[in-house]
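Notes to accompany the following structure.
The values are calculated or read from the model by the stated rules, or taken from the named source; none is laboratory data. Remember, it's a predicted structure, so these values are computed and weren't measured experimentally. Counting neighbours? That spans all protein chains shown, and the Cβs are built from the backbone with ideal geometry, glycine included.
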There are 2 protein chains.
Amino acid sequence: MKDEYVHGYDPRENLRLQDQAGTLVELLHSDTAYPAGSSVLEAGCGVGAQTITLARTSPDARFTSVDISEASVVEAGRKVAAAGLTNVQFRQADIFALPFEPASFDHVFVCFVLEHLARPVEALEALKVLLRPGGTITVIEGDHGSAYFHPDSEAARRSIQSLVDLQRMAGGNALLGRELYPLMIEAGFGAVSVSPRMVYVDSSRPDLVDGFTRNTFTAMIEGVRESAIAAGIVEPAVFDRGIRDLYRTAERDGVFCYTFFKAVGKRE
Amino acid sequence: MKDEYVHGYDPRENLRLQDQAGTLVELLHSDTAYPAGSSVLEAGCGVGAQTITLARTSPDARFTSVDISEASVVEAGRKVAAAGLTNVQFRQADIFALPFEPASFDHVFVCFVLEHLARPVEALEALKVLLRPGGTITVIEGDHGSAYFHPDSEAARRSIQSLVDLQRMAGGNALLGRELYPLMIEAGFGAVSVSPRMVYVDSSRPDLVDGFTRNTFTAMIEGVRESAIAAGIVEPAVFDRGIRDLYRTAERDGVFCYTFFKAVGKRE
């Protein structure tokens, strides 16, 4: 699984994940807080982009953050320690074989993980087992098919599609956000509620123009250039034109739209 | 212009516009209210779907509602009278040649109109002239490129595209919503603020499954079947498959997403 992570593990990618987390914290996480004393499993913490927010927002909850990548777990641990946070334990583990007892967590948190898995419903079922009855799961995913922009551009759409195709080839699904409701239902969660979180960017919002359009979304697409060309799914000239057109949407008269989906469900 | 209105003027279409207005009132209009005594121009009132909401929400404002179609104006007048509302005057008029003095309105309201015009910026400029300095304009538009769904379907996307193509052939732009910010700026409005209004529909929201996915959006696409086929822009079998697939998104495990855009600006 590790080798197939579509975004790779290089330092520039880590920087991108930090930019993304900074810009989107309020939109995605402001309504997530866990009670004092509760135990929370963060499944797929990566380099800790969300871990810091979770641990800060719920200082009296106890977090256990796991990731399949040992290097990511080490980096996340370093970052959480540097932030002076002491309520997180880290552990390297596979989401399909987590080393915990059934019903041992009050809450589970999963962000930008299911989109990379070939069997998202099985992952959700495995996580459900770890929840105590009445415990909640929170799942956040993007959906690259939700991206549209002005000026519109066929090349830009094809460069985005090349990431969607790559992720599909690696067993994932970059259009998973829209499917969260049926996936949660299929995994057997109750009281499922999904809310979209739309990022709308025009030039009256310069922080988002830089923080989202340029440094999060377009940088993410740009990051798969070599893989997409090597896989033969896009012509270099088309891809590069698409990237230029995506940056074009960050100009004064440009507009960029993208939607994340946040689902909450309960083990009944 | 009348003959080119892409949705036509038949009674079933009027019903659809009513369904649409009923389901979306809260989402689109709850933050629009005009002060007592203010004079408001509704440009392009159609059959009055929004007029009733406006006049009810701001009972002490005085509305002047115009439309290029005499038949629509008559129908809107009948409906407003039947609702017992007395604060609306109707008049047949062309948005590019409105029979009013400059600076004669405190506010202007335009909903689902610019998408049908070949020169939306000129329309906005013409409306700006009618506003007193400091007066506001409110513009609401959809964007058919914002529609995505589960299960995804190439045929469904092509049936939607056939409405986008038809509207383009008639001089309009069914993807106008995303462009509201730059259009308002180009027309010279100040303090422009655009907010997206996303309609997210899964089976936990049965009112929207019926009221939006089935009876508003899919019915709207279905309504252009004959025109799209006559124009040669889609094969009947593809179009019909697309419509079936759109209705499929209204099933228990389906999801449908669409976004409207609402802009407010000021004549400075």
For the list (1) more than 14 Å from chain B (Cβ to nearest Cβ); (2) under 19 Å from the mean Cα position of the chain (by Cα); (3) surrounded by fewer than 19 Cβ atoms within 10 Å (Cβ to Cβ), I need the number of the one condition that A:D207 fails.
(2)
Lone unmet requirement of (1) out of contact with any Cys (no Cβ under 8 Å at 6 or more places or on another chain); (2) under 18 Å from B:L41 (Cα atoms); (3) not basic (K, R) for B:I140
(1)
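Hey, can you tell me all the residues within the stretch A:170-224 that are among the charged types (D, E, K, R), more than 21 Å from B:F256 (Cβ to Cβ) and in a helix (DSSP H, G or I)? Before the answer, list the steps.
Of all residues in the stretch A:170-224, those among the charged types (D, E, K, R) come to A:178-179, A:186, A:197, A:202, A:205, A:207, A:210, A:214, A:222.
Next cut, more than 21 Å from B:F256 (Cβ to Cβ) only: A:202, A:205, A:207, A:210, A:214, A:222.
Selection gives A:D207, A:D210, A:R214, A:E222.
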Looking at A:R157, A:R178, A:R197 in this structure, which one is touching a Lys or Arg at 6+ places or on another chain (Cβ under 8 Å), over 23 Å from A:V129 (Cα atoms) and within 12 Å of chain B (Cβ to nearest Cβ)?
A:R197
Residue by residue through the stretch B:57-79, note down the ones that are among the hydrophobic types (A, V, I, L, M, F, W, C) and in a strand (DSSP E or B).
B:F63, B:V66
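In the set B:T32, B:T86, which member is of a type in the set (V, I, T), modelled with pLDDT of 95 or more, assigned to a loop (DSSP other than H, G, I, E, B) and over 27 Å from B:T213 (Cα atoms)? Spell out the reasoning first.
Numbers: B:T32 fails: over 27 Å from B:T213 (Cα atoms).
Of the residues listed, the single one that is of a type in the set (V, I, T), modelled with pLDDT of 95 or more, assigned to a loop (DSSP other than H, G, I, E, B) and over 27 Å from B:T213 (Cα atoms) is B:T86.
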In the stretch A:225-241, the residues that are in a helix (DSSP H, G or I) and of a type in the set (D, E, K, R)
A:R225, A:E226, A:D240, A:R241
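Only one residue in B:L54, B:L98, B:L41 is part of a helix (DSSP H, G or I) and in contact (Cβ under 8 Å) with a residue 40 or more places away in the chain. Which one? It would help to see each step written out before you state the result.
Values: B:L98 fails: part of a helix (DSSP H, G or I); B:L41 fails: part of a helix (DSSP H, G or I).
Residue meeting the stated conditions: B:L54.
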Picking from A:D165, A:D152, A:D202, A:D240, the residue that is at pLDDT 95 or above and crowded, with 22+ Cβ neighbours inside 10 Å would be A:D202
